[in-house]
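J.: Below you'll find the structure I mean.
Bear in mind these aren't lab numbers, they're just calculated from the coordinates by the rules spelled out. For clarity, every value in this text was computed on a predicted model and none was experimentally measured. Reconstructed Cβ throughout: ideal geometry from the backbone, glycine too, with neighbour counts over all protein chains shown.
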Amino acid sequence: MNNIAIITGITGQDSAYLAKLLLKKNYKVYGVVRSIESSDFTKLRYLNIYSNINFVEVDLMSFNEVHELLRKIRPNCLYNLASQSSVGWSNLEPYDTYLFNSISVLNMLESIRKIDIKIKFFQALSSEIFGIPDNLPINELESISPVNMYGASKASNYNLIKIYRDTYNIFAASGIFFNHESVLRTGDFFVKKVIKSAVEVKLGKKSKIQLGNLNIKRDFGSASKYMEAAYIILQAEDPDDFVISSGKSICLQDIVNYIFKKLDISVEKLQIDNELIRKNDVKNSYGASDKIRSTLGWEYDTDFYNVLDDMIYFELNKGKV
Ligand code: NAP
């Protein structure tokens, strides 16, 4: 009999790659959406897997609906990738971000506790839980000290996972992800935003590109590769939390320069907009994924400039996702 997986946030970037991976491994995949009628399935269609997913409408804020979902489907594993996933948006909507990102996870863990503690649970966490790091590179021993509401909501997930794991013996595990990108990234995140705007400038649809602070460094990786890590984490003997990172940081200015050069755009098209500069921006951040490498054998080997090339090519040739 096939393994059964439920993926929440199935319309998102990561879920699309994870669903593709699980289908390849012969899982029956259920994808949770807010509304089948109004959801955007572009990413799943792009990967040619839309018709292989069993869609289910569930309000993840409702304990009863989450409980009913698990009771009916009885999956082997539940990957929770649904989240208000943007730091910028969390600054504008702190209450809704915290509420959804924390209560949805509580509903899932509590439903597993009540229905079957053998259902394995994966949670996508974020390097934002660490805030301004004491040490670089950042590993699993770094103190949890978020500086924005998105990070705070993910820190609450971290605590819940630990409690349900230690107290109720649930296989609750997490990937503490650093930034990861792909052609499926939506336009409100930095790298995709720059590429989209730069292509618009190239095509004469826009005259300038406005950006915030470019003198900060971040760890960027490949979304499809990071979803392999998510899968591997649930195959481990014991549940645990793992930093998933490329292991180095790149300055945002270097990314912009690379995109401009690739598209042959003059740097004069760039405008720094002080309004876009965030308070509390961490200056430099990169992770160390030694723990997952040594215990589970996941190794990061993708050059981020190759991911950038794919994203630029995609935006130039295929239009928006
Ligand atoms: P994404 O593309 O923004 O997808 C987010 C998904 O969550 C979408 O399917 C969205 O559904 C769903 N969602 C958002 N708000 C919801 C709500 N209130 N109710 C129900 N569903 C909701 O995110 P991603 O990049 O794939 O990230 C996947 C996970 O990894 C997230 O937990 C994110 O926080 C985490 N993460 C990502 C990165 C990264 O660099 N990508 C880094 C660290 C952590 P709709 O289509 O209905 O909006």
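J.: E128 passes all but one of (1) surrounded by fewer than 22 Cβ atoms within 10 Å (Cβ to Cβ); (2) within 13 Å of the ligand (Cβ to nearest atom); (3) closer than 16 Å to V282 by Cα; which number fails?
T.: Of everything listed in (1) surrounded by fewer than 22 Cβ atoms within 10 Å (Cβ to Cβ); (2) within 13 Å of the ligand (Cβ to nearest atom); (3) closer than 16 Å to V282 by Cα, E128 misses just condition (1).
J.: Let me ask you something else. Tell me which residues, restricted to the range 131-161, are within 16 Å of the chain's Cα centre (by Cα) and without any contact (Cβ under 8 Å) to a residue 40 or more places away in the chain.
T.: Of everything in the range 131-161, just one residue is within 16 Å of the chain's Cα centre (by Cα) and without any contact (Cβ under 8 Å) to a residue 40 or more places away in the chain, namely A155.
J.: Looking only at residues in the range 40-63 that are within 16 Å of the ligand (Cβ to nearest atom) and of a type in the set (S, T, N, Q), which one is farthest from K193 (Cα to Cα)?
T.: Filtering the range 40-63 for residues that are within 16 Å of the ligand (Cβ to nearest atom) and of a type in the set (S, T, N, Q), the one farthest from K193 (Cα to Cα) comes out as S62.
J.: If you don't mind, there's one more thing I want to ask. Step by step: first the residues of the range 14-55, then only those that are in contact with a Lys or Arg (Cβ under 7 Å, 6 or more places away or on another chain) and assigned to a loop (DSSP other than H, G, I, E, B), then the one that is surrounded by the fewest Cβ atoms within 10 Å (Cβ to Cβ). Which residue is that?
T.: Applying the filter and picking the extreme gives L47.
J.: Go through the range 19-35 and give me each residue that's within 11 Å of the ligand (Cβ to nearest atom) and in contact with an Asp or Glu (Cβ under 9 Å, 6 or more places away or on another chain).
T.: V32, V33, R34, S35 - these are the residues of the range 19-35 that are within 11 Å of the ligand (Cβ to nearest atom) and in contact with an Asp or Glu (Cβ under 9 Å, 6 or more places away or on another chain).
J.: With respect to L99, is the statement that it is more than 16 Å from the chain's Cα centre (by Cα), farther than 22 Å from I216 by Cβ and within 15 Å of the ligand (Cβ to nearest atom) true?
T.: yes
J.: Another question, then. Pick from the range 71-84 the residues that are among the aliphatic types (A, V, I, L, M) and within 16 Å of the ligand (Cβ to nearest atom): which of them is surrounded by the fewest Cβ atoms within 10 Å (Cβ to Cβ)?
T.: A82
J.: Pick from the range 162-184 the residues that are of a type in the set (A, V, I, L, M), away from the ligand (no atom under 13 Å from the Cβ) and in contact (Cβ under 8 Å) with a residue 24 or more places away in the chain: which of them is farthest from T42 (Cα to Cα)?
T.: I170
J.: Further question: What are the residues in the range 209-229 that are assigned to a helix (DSSP H, G or I) and either more than 10 Å from the ligand (Cβ to nearest atom) or under 25 Å from L270 (Cβ atoms) (or both), if any?
T.: Once the filter is applied, which keeps residues that are assigned to a helix (DSSP H, G or I) and either more than 10 Å from the ligand (Cβ to nearest atom) or under 25 Å from L270 (Cβ atoms) (or both), the range 209-229 yields S224, K225, E228, A229.
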